[in-house]
Amino acid sequence: MASVPFSWYLALGLFMFTTGAVGVIVRRNPVVVFMCIELMLNAVNLTFLTFSRYSPTPLVASRLASDQWMGGQMAVIFVMAVAAAEVAVGLGIIMAIYRLRNDVDVDELSELRG
Amino acid sequence: MNPLPLPLPFPVTGNQVGFLMLAGLAMLMSIGVVVMKSPVRAAMCLVLNFFVLAFIYFTLNAQMLGITQIMVYAGAIMVLFLFVVMLLKSHAPAFNKEKIDFKPAVAVPLGLAMFVMIGSQVIWPLRSMSTIKADNSYGGPQAIAKVLFTDYVYPFEIISILLLVGVVGSVLLAKRKV
């Protein structure tokens, strides 16, 4: 969309990141904490794409001029893949904790206390 | 693009109104993820947030990543979340007790401070920048595939190893007895 200022997209990304950070601190259910982490990752993805759209940065020494602004989109692809792996392992850990203690409140987990 | 004849103190174009509607919905849903008591409702807010975000990606001409967003996030990852919510019996009333404590009183000012600080130091100096410099076809499948399979082929292969390790790890964690 032409005529939408660059900073509006960045402001939306900042708002979503801040909301996710507050949620990670406030919530006690680990599944919701994971959802807030996903929110933060998506805010970063939006920021990557915005910069990729508005400022072509030559991240890759490439032969073709059209390849020069693809770094941001590549970062988004890798963030998505890492997020998928992270969610699979993290939710597995939550299930293991739930089987161990029948409770997953993140503020009550103190098994590692010495 | 011509400004719309709206009674506003500043000129607003149709594209800007469309963006503001999408962004407002996304912001509302991200607040919903944090404040909803039930994890299922938070997950539904997150699904809608991801869909709206995919449309915002479309407005940035990143069509390929918008479709990937819908498939990977709104499809696969949220199904995983909902399955875990179901397996954890989170609908039990004693389960999602959110005790009143000091954390919101600390976290909300902290979040506001972060918003104001990054907004004033990073985004405000960039406010006059609005020229689109990327090519219109920069987000299509051909453009992405060409770069992903040439310049970024090693990160791509490493990501596939990471996903394999993730699959093995989650199967190991989810087994009944280790």
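The values are calculated or read from the model by the stated rules, or taken from the named source; none is laboratory data. This structure is a prediction, so every number in the text was calculated from the model and none was measured. A quick note on method: Cβ atoms are made from the backbone with ideal geometry, for glycine too, and the neighbour counts reach across all protein chains shown.
Taken over region B:148-169, the criterion of being within 7 Å of chain A (Cβ to nearest Cβ) and more than 24 Å from the chain's Cα centre (by Cα) is satisfied by B:ASP151, B:GLY169.
Total residues in region A:70-94 satisfying the condition of being over 24 Å from B:THR150 (Cα atoms) and more than 7 Å from every other protein chain (Cβ to nearest Cβ): the figure is 2.
Scanning for something at pLDDT 90 or above and over 30 Å from A:ARG27 (Cα atoms), does region B:50-61 turn up at least one residue? Scanning region B:50-61 turns up at least one residue that is at pLDDT 90 or above and over 30 Å from A:ARG27 (Cα atoms). Selection over region B:30-53 of residues that are more than 9 Å from chain A (Cβ to nearest Cβ) and in a helix (DSSP H, G or I) gives a count of 8. Taking first residues from region B:33-52 that are in the same structural domain as B:LEU87 (by TED's automatic domain parsing) and touching a residue at least 60 places away in the same chain (Cβ under 8 Å) and partners that are acidic (Asp, Glu) and part of a loop (DSSP other than H, G, I, E, B), the Cβ contacts under 9 Å between residues at least 6 apart in sequence or on separate chains come to B:LYS37/B:GLU98. The condition (being at the interface with chain A (Cβ under 7 Å from one of its Cβ atoms) and either in contact (Cβ under 8 Å) with a residue 40 or more places away in the chain or of a type in the set (Val, Ile, Thr) (or both)) is satisfied by just one residue among B:ILE67, B:ILE56: B:ILE56. The residues listed here are B:ALA43, B:ALA74; of these, the one that is under 16 Å from A:GLU38 (Cβ atoms), within 17 Å of the chain's Cα centre (by Cα) and modelled with pLDDT under 90 is B:ALA74.
Quick check: is even one residue across region A:95-114 of a type outside the set (Val, Ile, Thr), closer than 30 Å to B:PHE58 by Cβ and modelled with pLDDT under 95? No; the residues of region A:95-114 include none that is of a type outside the set (Val, Ile, Thr), closer than 30 Å to B:PHE58 by Cβ and modelled with pLDDT under 95. Quickly run through region A:85-114 and pick out the residues that are of a type in the set (Gly, Ala, Ser) and within 20 Å of B:LEU162 (Cβ to Cβ). Correct list: A:ALA85, A:ALA88, A:GLY90, A:GLY92. For region B:98-145, the set of residues classified as basic (Lys, Arg) and at the interface with chain A (Cβ under 7 Å from one of its Cβ atoms) consists of B:LYS103, B:ARG127, B:LYS133, listed by residue number.
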